[in-house]
1. Please give, to one decimal in nm, the separation of the simple spin-label points placed at residue 181 and residue 136, each 7 Å out from Cα toward the Cβ.
2. In square nanometres and to one decimal, what's the mean projected area of the convex hull around the Cα atoms of the stretch 38-106?
3. Report the calculated FRET efficiency for residue 98 and residue 29 (r = Cβ-Cβ distance, R0 = 25 Å), to the nearest 0.05.
4. If neighbour count is taken as other Cβ atoms inside 10 Å, put 15, 216 in order from fewest to most.
5. At a 10 Å Cβ-Cβ cut-off, how would you order 185, 101, fewest neighbours first?
6. So if R0 is 35 Å, what FRET efficiency would residue 47 and residue 204 give, r being the distance between their Cβ atoms, rounded to the nearest 0.05?
7. Mean separation of Cα pairs under 8 Å and 6+ residues apart, divided by the residue count of the stretch 51-131: what relative contact order is that in percent?
8. Using the alpha-carbon centroid of each, what span in Å lies between the stretch 43-79 and the stretch 9-40?
């Protein structure tokens, strides 16, 4: 995948599954949270997963799904604290850090746009220092609406004006990319390997990259 960087002034990057390996979050929500929920409720891990799965499914695409405070209250667990216990597993995806350096050297505007709760953001910044490579870091919790809704992009552009025709969004979520397309962002890329442990996940609707080496040509 090649990008004509002469057409791009603003780069919008997702966090989890785009610059950071989604392996951490997948393990956390699919294994670590159920094991702690099982321990606290004196049930098996299989029973815990059976209870949690529909709860998680019901909140997909909503701001609550991404809210650590919501899940801490709902599950009676210290979600932020549990994430901190696994913080050594927070890692960049291959070549993502190199890409951030190249972007910074290119003098384009670079925004992190994420659905992550601010507590999760703080933890991941502490572990990776990626904040040094962004002009702005925006959480959907700041706006009260997730990236899956066009209202997020409208608010983002009101607060940090950019030319939609000269902006690129790189994200691993098809629903987020679709929302951004409906808003009018012209250049859209999907990450096809957001979790380094899982197989490639391709899209017929969006151009895809496997890793950021593909984008450093001409940058």
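No lab work stands behind these numbers, since they all come straight from the coordinates. The shown structure was predicted, so the numbers you read here are calculated from the model rather than taken from an experiment. Counting neighbours? That spans all protein chains shown, and the Cβs are built from the backbone with ideal geometry, glycine included.
1. Label-label distance for residue 181 and residue 136, simple model: 2.4 nm.
2. The Cα convex hull of the stretch 38-106, projected and averaged over all directions, gives 6.9 nm².
3. 0.35
4. Lowest count first: 216, 15.
5. Ordered from fewest to most neighbouring Cβ atoms within 10 Å, 185, 101 come out as 101, 185.
6. Between residue 47 and residue 204 the formula returns 0.40.
7. Once normalised by length, the contact order is 35 percent.
8. Their Cα centres are 13 Å away from one another.
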